[in-house]
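Just below is one structure, and these are the notes that go with it.
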There are 2 protein chains.
Amino acid sequence: MSAPARLDPTVYLVTDTRLCGGPAGVVETVRGAVSGGVTAVQLRDPGASTRELVALGEALLALLRPVGVPLVVDDRVDVALALGADGAHVGQSDLDPVAARRLLGPGRHLGLSVSTPDEARAAVALPPGTVDLLGVGPVNPTTSKADARPAVGADGLARVVHAASAGRLPCVAIGGLRTQDVPALHAAGAAGSAVVSAVCGTPDPEAATRSLVRAWAEARSATRAGSAR
Amino acid sequence: MSAPARLDPTVYLVTDTRLCGGPAGVVETVRGAVSGGVTAVQLRDPGASTRELVALGEALLALLRPVGVPLVVDDRVDVALALGADGAHVGQSDLDPVAARRLLGPGRHLGLSVSTPDEARAAVALPPGTVDLLGVGPVNPTTSKADARPAVGADGLARVVHAASAGRLPCVAIGGLRTQDVPALHAAGAAGSAVVSAVCGTPDPEAATRSLVRAWAEARSATRAGSAR
């Protein structure tokens, strides 16, 4: 698969090197997630040196390229470009999305983290084609991100999704999400769940991923059944 | 001055936000250094968020552009590009220099940190035009960099300069350097001294910079007088 501007965020794994027990653990976790049906992977390791990040990214690309699962790099647009990854994800403290898009060019995916309807409206107001996806959260309280903001809950997520819909920007929910959250995320209009600790550091990343994939399929199928009535 | 591939590293200030007492202190320090005759500035702040780094870089460019002093960004090639800075500097744990050059394009400066003759020889063996300058050190013990290697001394510097000369790569010394070190650095073949704590956090950054500028002028003039004999 060549760089998809719009990746499928249904089950979007964000890696955590510490939770996975080191870079080799990240590779094994991603391998399991791929077997479980993960739809996209984001490489996130703010504590790594640039060279360590590139090395880990190369190992993940070797796994993901053959199966067509896109790899996105958190914050480091230069690392995304050096790797030839499928895109980058920036937060409100990272590179400005317009600058990130300029560096990435038009072909790659760019995600942006937002927490509030105002931030979603600001994303909608960006030049068309700047951002492909909003990461919305934290929905639940999270321990994976030291500087995370207060949890917004499913209601807060729904408000952000509504604000983003004006720009047809899909939203992936993030922040302490488990399988049992999926129906509420789906009801709030999220296009998927981004997960860290639901998969990283669990005894069976493949089963954990599969459980999320199944929950999304069921939530969508329930909606379709509901609309058919 | 447009992006110079070969900057003048005679007195090369590497910023330290903590030593300067915060971003505003960095700006004031660089302002003083410019008045004192600094020849190049490197923005280094591994603890800053990407957005903070960009904001500080913009403030420094506003000072440096009008006076033609180049600004180089440590490690973050994406930030260098987003800023339109004059180049980037990578260490042995940062982006591979070939990848960094590919991202920077041919017009901008690229520096590389080395500590040993072997690392200098590896730099010489890179494709021509990859690297413009080697940062060699630490010459003296340093407290500005948490992960610094053991000090190489003026003798170690001279050995690296010799190895780099095969590729005509100029070397700037770094690591705990003061004005009184300049004659020995010059004798070892360095093209300048990169300084952090000799300027950042001092009561008078302008005077500290001027003292270094004068020491380099005197060392070079003594050599010329010596060769004229």
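At a glance:
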| item | result |
| --- | --- |
| Residues satisfying the stated conditions in region B:62-83, i.e. within 14 Å of another protein chain (Cβ to nearest Cβ) and assigned to a helix (DSSP H, G or I) | B:Val77, B:Asp78, B:Val79, B:Ala80, B:Leu81, B:Ala82, B:Leu83 |
| Residue within region A:129-148 that is without any contact (Cβ under 8 Å) to a residue 40 or more places away in the chain and part of a helix (DSSP H, G or I) present | no |
| Of all residues in region B:84-112 being in a helix (DSSP H, G or I) and touching a strand residue (DSSP E or B) at 6+ places or on another chain (Cβ under 7 Å), the one that is nearest to the other protein chains (Cβ to nearest Cβ) | B:Ala100 |
| Sole residue being touching a residue at least 24 places away in the same chain (Cβ under 8 Å), buried (at least 20 other Cβ atoms within 10 Å of the Cβ) and in a loop (DSSP other than H, G, I, E, B), chosen from B:Leu212, B:Leu169, B:Leu185 | B:Leu169 |
| Test: residue in region A:201-210 that is among the charged types (D, E, K, R) and under 25 Å from A:Arg159 (Cα atoms) | no |
| Hits in region A:109-161 (condition: of a type in the set (A, V, I, L, M, F, W, C) and under 14 Å from the mean Cα position of the chain (by Cα)) | A:Leu110, A:Leu112, A:Val114, A:Val131, A:Leu133, A:Leu134, A:Val136, A:Val139 |
| Region A:77-89 - residue that is surrounded by fewer than 24 Cβ atoms within 10 Å (Cβ to Cβ) and among the hydrophobic types (A, V, I, L, M, F, W, C) and, of those, farthest from B:Ala80 (Cα to Cα) | A:Leu83 |
| In region A:90-118, the residues that are surrounded by fewer than 21 Cβ atoms within 10 Å (Cβ to Cβ) and of a type in the set (S, T, N, Q) | A:Gln92, A:Ser93, A:Thr116 |
| Within region A:29-54, considering residues that are at the interface with chain B (Cβ under 10 Å from one of its Cβ atoms) and not in a loop (DSSP other than H, G, I, E, B), the one farthest from the chain's Cα centre (by Cα) | A:Arg51 |
| Residue in region A:5-26 that is away from chain B (no Cβ under 14 Å), free of Cβ contacts under 8 Å to residues at least 24 places away in the same chain, part of a helix (DSSP H, G or I) and surrounded by fewer than 18 Cβ atoms within 10 Å (Cβ to Cβ) present | yes |
| For A:Asp74: the one exception among (1) buried (at least 18 other Cβ atoms within 10 Å of the Cβ); (2) closer than 22 Å to B:Gln92 by Cβ; (3) not hydroxyl-bearing (Ser, Thr, Tyr) | (2) |
| Residue selected from region B:119-141 under the condition of a type in the set (Gly, Ala, Ser) and surrounded by fewer than 17 Cβ atoms within 10 Å (Cβ to Cβ), by the criterion nearest to B:Ser197 (Cα to Cα) | B:Ala122 |
| Considering residues of region A:113-128 that are part of a loop (DSSP other than H, G, I, E, B) and of a type in the set (A, V, I, L, M, F, W, C) only, the residue farthest from A:Asp78 (Cα to Cα) | A:Ala125 |
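We did not get these values from a lab; they are worked out from the coordinates using the rules stated. This is a predicted model, so every value here is computed, not measured. Cβ sites come from the backbone with ideal geometry, for glycine too, and all protein chains shown count toward neighbours.
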